[in-house]
Every structure is written in structure tokens, then in C-alpha cells.
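Peer 1: My questions all concern the structure below.
The values are calculated or read from the model by the stated rules, or taken from the named source; none is laboratory data. If you're wondering where the values come from, they're calculated on a predicted model, not measured in any experiment. Note that we place each Cβ from the backbone using ideal geometry, even for glycine, and neighbour counts take in every protein chain shown.
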Amino acid sequence: MISSVLVANRGEIACRVFRTCRASGIRTVAVHSDADDNALHARVADVAVRLPGATPAETYLRGDLIVKAAVAAGADAVHPGYGFLSENADFARAVLDAGLLWIGPPPEAIEAMASKTRAKELMGLAPLREVTEADLPVLVKAAAGGGGRGMRIVRRLEELDGALRGARAEATSAFGDGEVFVEPYVENGRHVEVQILADTHGTVWALGTRDCSLQRRHQKVIEEAPAPGLPEELTRELHTLAVRAARAVDYVGAGTVEFLVADDTAHFLEMNTRLQVEHPVTEAVFGVDLVAEQIRIAEGHALESDPPRARGHAVEARLYAEDPAHDWAPQTGTLHRLAVPDGVRLDTGYTDGDEIGVHYDPMLAKAVAHAPTRAEALRSLAGALERATIHGPTTNRDLLVRSLRHEEVTTARMDTGFYDRHLTTLTEPASDPYAPLAAALADAHGRSRFGGWRNLPAQPQTKRYAMAGEEHEVHYRHTRTGLTAQGVRVVQADARLVVLEVDGVQRKFEVARYGDQVHVNATTLTALPRFPDPTAQRAPGSLLAPMPGTVVRVAEGLAVGAAVRAGEPLLWLEAMKMQHQIASPVTGTLSALQATPGQQVELGMLLAVVQET
């Protein structure tokens, strides 16, 4: 029997595995980088072991140090989580060679399926060897790992070399393996997958289907189970193929077989030999704890001959610290508050007050709703996210709510091109016009109680806020009866709650302030000084760092005086294990270049200046 488990991972998945371990009476061991010294997963574990590493991103790829940590901490089993070393056969062997239990598939199964090139060969498929015009569009893909890292769509042959170079660099950084391959890219298909669970006694379960078509940068955003609208015959075929893939490699444990479905035809993508990020939707529908089943299988227990029956529908949304309206740029800073209404499952690796750094994936949490029908599950999750309290950096919360309510989603007509078609409309600013006034009244509350009113006609007070990229100026007065504002009746105003009556309808505004950042319901504002600072202005054509990160490369031959075109890539930043392209905002001449490869940059730092011509 397993008594102590080390999770060779971090963040949300480490916390999720620990939760099952605690419920099962199993001690927990965390490993952490220096950057994660105060991370939630390190705090909640029974024992935490620091892993030295050259960089925070490389730390969790040091399998030798993780095995040593497990032995030193007295763990008798290792759970890999997802990402990092979860599909690394050498790491699995090292765990087993140390006399520890491996809560995952045999190393031989990982080798057969974890490399996408070898997996395709096993399924009778093969990647493209030489790309021609007739093959376009194609997808450059990392052979190891997943999560959208190391993937590039190529629509023109002249883009192929750059895509290969970028994918290799990103894959090396994320997985320690720079192998990539090229395959045909199927436009606007549905991403459908099958959860499998296999024991050491020959039983393999196919636990329904999941639809993961809503993706950005090839990384899933919203997932659901079961996949809606699939013909029964196709569903049976997917189950059969998934079980066949598992049996072909003598698979053991939890895994996922992924397909791209187009015109009711299934195209094999890959088999992930690990637990998936989206596993909670399957757990909700089938009433199972997949982590508990992984542990039981590792202990040698047998599955029942038949899987449990599916009940209802579940939808999961990934909450990211990112700005979808600005090329999905990751965001950093303090997460002051994160809470969702009761009735929705929240899996997270953060708690109030934690810092969101630059070294890892920007996912804050996964919110999951389960209901008798798909329509009810979509409505429940959208409503919960809309009412959630999220105070901190910019997130994709509004995008998630709008996506869940979009007609293509509610009618199950979505595909992998959903955000390519609808991102502009889904990210249109829709901030509450009364939010700045509510913020000003809440801020003024303290002054109104301590002598703000005079027995003379009061001059209006003015405050300025930035909201959705625009500046807003609001006015209010201190009077004998309290705070007033034109066009509304102030029913109540204190530091945390403002109630305004507009056209006979009373509206409540919950207000929270953290320095210059003000949250009013779901709207985020920045308090501005009354008089703008003229020294804060930047020269036209300035390229500022959209996030903290590392300059990984500068365009070949780029130098001051060079002619550049609008949209031309000038340099690349790496942040949160993804590379982000920085392009010229205008056509003109490069008049300054401050960035150099390897340089660490902070948010808003000047990288270059292009003088428009």
C-alpha cells in the first residue's frame, strides 16, 4: 500500500493530486524551484523539498534531483502530474530503479506513445518528410509534451524554416526535447478525445468522449464531456480506436487518445500517456476520482469489468492570467482575491495574495460545472464565472463568459477555428459605464464622514480612471445629505459597497482597491493622478515590453537605421514557457534598439523605437 506520494510537478495539478492523497490518508511530498518557494503546492504538502536549478523553468525537468528528493523525503511513490517529465520514459525508469512506485504507465508504453512521431508510426501513420506547396497548410509540432508549446501553423513555404526554428526552441524550453515534426493541418475540425483507464489485469475502460475544440495557440480553453453531437457510430469507433491504442502498448493507468474530427471522420492526433488538464469533466460525468484510480492501479488493484455509467454533462473553463485582446499576452502580479460561487468546482494552484510570476504557464484555475443537460451546464458555468471575484492582473474571464454563451457553442457548432473567427467581437470592451463613479464614491466615503461637507455650495470633486484602455473622468459632490452625483441617486456609498439608482432601478457595486488598481464588480480600473505626468509620455513608435520576460532573439541583421515594415517581427520574448513575437507597429526606420538576446525585461520596458516614414 502506498503511504507517501511525491508529485513531480507544481501548481494546480500538484494541489489536485494532494487533495486526493489527503482524502486517502496518504502523506504528500512537494518539490519546488526557488521561484516557487512560497507557492501553494509547496505550502499545502506535508513535506516540501527545494530543487536547485539553473533557471526556474528547468528545475522541474531535473529528474535526477526529483528522485533524490523522493528518497530523502521517505516517499514510496511518484505521481508525475502533467507537463514537464510526465511523458518522459527515462524519468519513469529512474523512479522504478530507485525502488519507488510509478503512478503512471510503463516506460515502454511512454516511449511508444509519448513521442508523437513514434505514436503515428505505431498507428500506421507517418509525418511529412518533405513539404511542398500541395501539402499546405501544415502544422509543425513538438514530438514531446503538449499544451500547444512547440506548435506552429505554416501556410506559406517561406515560413517553414522560421516555424521549425521557433518550435524547436519552444519545445526545448518546455520539455527538454527539441524534436519536432510536420503533419497536414486540418482546418476547422473538432478536437475530440477519449479518456482511457487500464489496470494490470487486462481491463481497459473508455470513459466517454471530451470535446476540446475551443483553443488558443493550440492550447485548450474550454472543454466538455461528453463531446456533443457525435453520431453514435463515430463515438463507438473512437472508443474502439482508443482501446486498441492502449492494448497495442500494454498500457496501464490513465491516458488520453486524441483525434481531430472533420466530416464525421476521425484523424488520429496522439496519445497522451498521462492525466489531462481537462480530466475533471470526465470525473464529474462518470462519478470517478481518476487520481484515486491511478493510485489504486499502481497498487495492483483491478478495475471493475465495466466502467460506470455516464450521467449528465460537464463543462470546464481554464482561467488564465492573460489579455486575449492583445495577442493573449500573459499577465503578472498579485492575485489579491479568487473565489467562485458555490456549486462550481475550482481547481487552482493559487490562493489570495499569491504572486503570478513569469516562469510558468499563466493558468490560474479551472472552473467546472456539472448539470443534467449541456444547456444547464453551460449556463451554470457562465453565470458562476460572471459572478466570480477575481482581483488581480487581467484575465480571460470575460472571454470565457462570452464564449460559453456564444451561439456556435450553445448549438454545438464550434471547431478549432472558433477564436480565429470570433476573437475580435469576443474581446470588445464592455465595461460598466457606472464603474468609475462607483469607484470614486467608494474612495470618497471616508472623506465625507470627516468634514467633507461645508455650509456653502460645494464644488464638484473630480477623479480620473483608466478603464478598458480609455480614460474616464467623473464628478461628485459632498452635501449635507451625503455624496451626490449628476444623473443618479446615491442610495448608499461606503468603501466596499455603492448602491446607485439609475432610472428607478437600484444597482449594487462591490468595490475593492489595491493601490491604484480598483475592482468594481467584474470591471477593473486604474486610478489616475488628477494631473497627468508629462514626463511619462513615450516617443511615437516605441515598442514596450508587453510582459516581463527574456529576449530570446532579435531578427537577423536588425540594426539601428534599418528599414522595417508594419507587422514585421523584430524580436521575440519568452515568458511563461511561450515565445511571443514583437512586431513593428509602423512602417519606417529603426531609430533605437535597446533589447539584446538573453536580456531580462520588465513590463513596459523600452525595447526599440521605429520612426514612421
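Peer 1: Looking at (1) modelled with pLDDT under 85; (2) basic (Lys, Arg); (3) surrounded by 15 or more Cβ atoms within 10 Å (Cβ to Cβ), find the lone condition where residue 93 falls short.
Peer 2: Only one criterion is unmet by residue 93, namely (1).
To keep it simple, each residue is scored yes or no on (1) of a type in the set (S, T, N, Q); (2) assigned to a strand (DSSP E or B).
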residue	(1), (2)
334	yes, yes
338	no, yes
341	no, no
347	no, yes
351	yes, no
355	no, yes
359	no, no
364	no, yes
369	no, yes
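Peer 1: Which of the residues that make up region 15-37 are out of contact with any Ser or Thr (no Cβ under 9 Å at 6 or more places or on another chain) and small (Gly, Ala, Ser)?
Peer 2: 23, 24, 30
Peer 1: So which residues in region 252-266 are crowded, with 21+ Cβ neighbours inside 10 Å and assigned to a loop (DSSP other than H, G, I, E, B), if there are any at all?
Peer 2: Matches in region 252-266: 252 only.
Peer 1: OK, next. Considering region 201-231 alone, what residues qualify as being farther than 14 Å from residue 266 by Cβ and more than 28 Å from the chain's Cα centre (by Cα)?
Peer 2: Result: 201, 202, 203, 204, 205.
Peer 1: So, of the residues in region 126-176 that are closer than 23 Å to residue 86 by Cα and of a type in the set (Val, Ile, Thr), which turns out to be surrounded by the fewest Cβ atoms within 10 Å (Cβ to Cβ)?
Peer 2: 172
Peer 1: Of all the residues that make up region 359-373, how many are buried (at least 20 other Cβ atoms within 10 Å of the Cβ) and modelled with pLDDT of 95 or more?
Peer 2: 8
Peer 1: Looking at region 173-190 only, could you name the residues that are modelled with pLDDT of 85 or more and under 21 Å from the mean Cα position of the chain (by Cα)?
Peer 2: Listed by number, the list holds a single entry, 190.
Peer 1: Starting from region 21-37, take each residue that is assigned by TED's automatic domain parsing to the domain that holds residue 8 and more than 30 Å from residue 358 (Cβ to Cβ) and list its partners that are among the acidic types (Asp, Glu) and surrounded by fewer than 24 Cβ atoms within 10 Å (Cβ to Cβ), counting only C-beta distances under 7 angstrom and pairs at least six apart or across chains.
Peer 2: 27/46
Peer 1: Scan region 511-540 for residues that are at pLDDT 85 or above and more than 27 Å from the chain's Cα centre (by Cα) and report the count.
Peer 2: Filtering region 511-540 down to residues at pLDDT 85 or above leaves 511-529.
Next, only the ones that are more than 27 Å from the chain's Cα centre (by Cα) stay: 527-529.
Within region 511-540, residues that are at pLDDT 85 or above and more than 27 Å from the chain's Cα centre (by Cα) number 3.
Peer 1: Kindly establish whether residue 274 is under 25 Å from residue 348 (Cβ atoms), touching a Pro at 6+ places or on another chain (Cβ under 9 Å) and assigned to a loop (DSSP other than H, G, I, E, B).
Peer 2: yes
Peer 1: Go over the candidates 520, 552, 488, 502 one by one and state the one that is farther than 30 Å from residue 327 by Cβ, out of contact with any Leu (no Cβ under 6 Å at 6 or more places or on another chain) and either in the same structural domain as residue 363 (by TED's automatic domain parsing) or in contact (Cβ under 8 Å) with a residue 40 or more places away in the chain (or both).
Peer 2: So the residue among 520, 552, 488, 502 that is farther than 30 Å from residue 327 by Cβ, out of contact with any Leu (no Cβ under 6 Å at 6 or more places or on another chain) and either in the same structural domain as residue 363 (by TED's automatic domain parsing) or in contact (Cβ under 8 Å) with a residue 40 or more places away in the chain (or both) is 502.
Peer 1: So how many residues does region 585-595 have that are in contact (Cβ under 8 Å) with a residue 40 or more places away in the chain and surrounded by 21 or more Cβ atoms within 10 Å (Cβ to Cβ)?
Peer 2: 1
Peer 1: If we scan region 8-20, do we find a residue that is at pLDDT 95 or above, polar (S, T, N, Q), buried (at least 22 other Cβ atoms within 10 Å of the Cβ) and in a loop (DSSP other than H, G, I, E, B)? Break it down stepwise before answering.
Peer 2: So the first thing to find is which residues in region 8-20 are at pLDDT 95 or above, and the list is 8-20.
Going one step further and asking which of them are polar (S, T, N, Q), we end up with 9, 20.
After this cut, where a residue has to be buried (at least 22 other Cβ atoms within 10 Å of the Cβ) as well, the list is 9.
Still in the list and also in a loop (DSSP other than H, G, I, E, B): 9.
Yes, the conditions are met somewhere in region 8-20.
Peer 1: Further, regarding this structure: Could you identify the single residue in 317, 310, 292 that is in a strand (DSSP E or B), over 24 Å from residue 186 (Cβ atoms), touching a helix residue (DSSP H, G or I) at 6+ places or on another chain (Cβ under 6 Å) and not β-branched (Val, Ile, Thr)?
Peer 2: Step by step, each of 317, 310, 292 is checked, and only 317 is in a strand (DSSP E or B), over 24 Å from residue 186 (Cβ atoms), touching a helix residue (DSSP H, G or I) at 6+ places or on another chain (Cβ under 6 Å) and not β-branched (Val, Ile, Thr).
Peer 1: Take region 195-210 and flag every residue that is in contact (Cβ under 8 Å) with a residue 60 or more places away in the chain and in a strand (DSSP E or B).
Peer 2: 195, 196, 197, 198, 205, 206, 207, 208, 210
Peer 1: Let me ask something else. Determine whether residue 299 is in contact (Cβ under 8 Å) with a residue 60 or more places away in the chain, closer than 27 Å to residue 201 by Cβ and among the charged types (D, E, K, R).
Peer 2: So residue 299 passes the test.
Peer 1: List every residue pair whose Cβ atoms lie under 6 Å apart, where the two residues are 6 or more positions apart in sequence or sit on different chains, the first residue falls within region 281-293 and is under 19 Å from residue 343 (Cβ atoms), and the second residue, located anywhere, is among the hydrophobic types (A, V, I, L, M, F, W, C) and part of a helix (DSSP H, G or I).
Peer 2: 283/290
Peer 1: Any residue in region 558-574 that is surrounded by fewer than 20 Cβ atoms within 10 Å (Cβ to Cβ) and either of a type in the set (Ser, Thr, Tyr) or assigned by TED's automatic domain parsing to the domain that holds residue 357 (or both)?
Peer 2: The answer is no; no qualifying residue exists.
Peer 1: Select, from 186, 192, the only residue that is touching a helix residue (DSSP H, G or I) at 6+ places or on another chain (Cβ under 8 Å), surrounded by 16 or more Cβ atoms within 10 Å (Cβ to Cβ) and in contact (Cβ under 8 Å) with a residue 24 or more places away in the chain.
Peer 2: 192
Peer 1: Being under 30 Å from residue 182 (Cα atoms) and hydroxyl-bearing (Ser, Thr, Tyr) is the filter; apply it to region 248-297 and report the residue that is modelled with the lowest pLDDT.
Peer 2: Looking at residues that are under 30 Å from residue 182 (Cα atoms) and hydroxyl-bearing (Ser, Thr, Tyr), I get 265.
Peer 1: Anything in region 509-532 that is in contact with a helix residue (DSSP H, G or I) (Cβ under 9 Å, 6 or more places away or on another chain) and of a type in the set (Lys, Arg)? List them, or say none.
Peer 2: 513
Peer 1: Hey, another quick one. Within region 42-52, does at least one residue satisfy the condition of being surrounded by fewer than 24 Cβ atoms within 10 Å (Cβ to Cβ), under 21 Å from the mean Cα position of the chain (by Cα), free of Cβ contacts under 8 Å to residues at least 60 places away in the same chain and not assigned by TED's automatic domain parsing to the domain that holds residue 142?
Peer 2: Scanning region 42-52, I find at least one residue that is surrounded by fewer than 24 Cβ atoms within 10 Å (Cβ to Cβ), under 21 Å from the mean Cα position of the chain (by Cα), free of Cβ contacts under 8 Å to residues at least 60 places away in the same chain and not assigned by TED's automatic domain parsing to the domain that holds residue 142, so the answer is yes.
Peer 1: Quick one: in region 424-460, of everything that is among the hydrophobic types (A, V, I, L, M, F, W, C) and assigned to a loop (DSSP other than H, G, I, E, B), which residue is modelled with the lowest pLDDT?
Peer 2: Step one: filter region 424-460 for residues among the hydrophobic types (A, V, I, L, M, F, W, C), giving 426, 430, 435, 437-442, 444, 450, 453, 456, 458.
Still in the running and assigned to a loop (DSSP other than H, G, I, E, B): 430, 450, 453, 456, 458.
On the way: 430: 85, 450: 46, 453: 49, 456: 54, 458: 61.
Among them, the one singled out is 450.
Peer 1: Give 152, 165 a once-over and let me know the one that is of a type in the set (Lys, Arg) and farther than 23 Å from residue 260 by Cβ.
Peer 2: Result of the check over 152, 165: 165.
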